[in-house]
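Q: Have a look at this one before I ask anything.
The values are calculated or read from the model by the stated rules, or taken from the named source; none is laboratory data. Just so it is clear, the model here is predicted, and its values are computed rather than measured. Positions of Cβ are generated from backbone atoms using ideal geometry, with glycine treated the same way; all protein chains shown enter the neighbour counts.
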Amino acid sequence: MVKNRFLRFLLLILGFISLGLGITGIILPILPTTPFLLLTSFCFVKSSVKFNKWFLNSKIYKKYLENFSKNKVMTLKSELILLSLVSTMLLVTMYMVNNLVVTIILSTLILIKYSYFIFFVKPVTKEKYLVLRGNLDAR
């Protein structure tokens, strides 16, 4: 947890904003759910034991992130959507900033992101994902 009180407060606010966007992404398929919920988890871990514990016990975490956190698996569709949306955001930022240092940093981030998903996150079928999540009625 972060020691600086102001930074903890900012992370907590960012966590709730990203949680709201993640929940909105559940309803609106245009908005990605997983990246915002991952950001929520990161912010709560760094800012508040109480809110982190609450988030880890919520239905949203259990449905959308728990399997990823514990088993490092995602459905191929979820993985492709996540990778394409995050890559698009990074590429748009790279284009808008138009600075060599920023381009190098963002390109490195893109390579790290794809490497992580290729080597560490196993794509599974939706049925297998549901079974791993504990929903045995996935047939």
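Q: Restricting attention to region 93-139, which residues are exposed (fewer than 11 other Cβ atoms within 10 Å of the Cβ) and at pLDDT 85 or above?
A: Tyr95, Met96, Asn98, Leu100, Val101, Thr108, Leu111, Ile112, Ser115, Phe119, Phe120
Q: Assess whether Ser78 counts as being free of Cβ contacts under 8 Å to residues at least 40 places away in the same chain and not basic (Lys, Arg).
A: No; evaluated as a whole, the condition is false for this residue.
Q: Just for region 21-48: of the residues that are exposed (fewer than 14 other Cβ atoms within 10 Å of the Cβ) and closer than 21 Å to Asn67 by Cα, which one is modelled with the lowest pLDDT?
A: Restricting to residues being exposed (fewer than 14 other Cβ atoms within 10 Å of the Cβ) and closer than 21 Å to Asn67 by Cα, the top hit is Pro29.
Q: Yes or no: region 124-131 includes at least one residue that is touching a strand residue (DSSP E or B) at 6+ places or on another chain (Cβ under 6 Å), in contact (Cβ under 8 Å) with a residue 24 or more places away in the chain and among the hydrophobic types (A, V, I, L, M, F, W, C).
A: yes
Q: Another question, then. Which pairs turn up if I take residues in region 42-69 that are within 25 Å of Arg5 (Cβ to Cβ) and look for partners that are of a type in the set (Gly, Ala, Ser) and buried (at least 16 other Cβ atoms within 10 Å of the Cβ) with beta carbon separation below 7 Å, at least 6 apart in sequence or on another chain?
A: So the pair list comes out as Cys43/Gly15; Cys43/Ser18; Phe44/Gly15; Ser47/Gly15; Phe51/Gly15; Phe55/Ser41.
Q: Of all the residues that make up region 57-76, how many are surrounded by 12 or more Cβ atoms within 10 Å (Cβ to Cβ), within 16 Å of Gly25 (Cβ to Cβ) and not polar (S, T, N, Q)?
A: Residues flagged as surrounded by 12 or more Cβ atoms within 10 Å (Cβ to Cβ), within 16 Å of Gly25 (Cβ to Cβ) and not polar (S, T, N, Q) within region 57-76 amount to 7.
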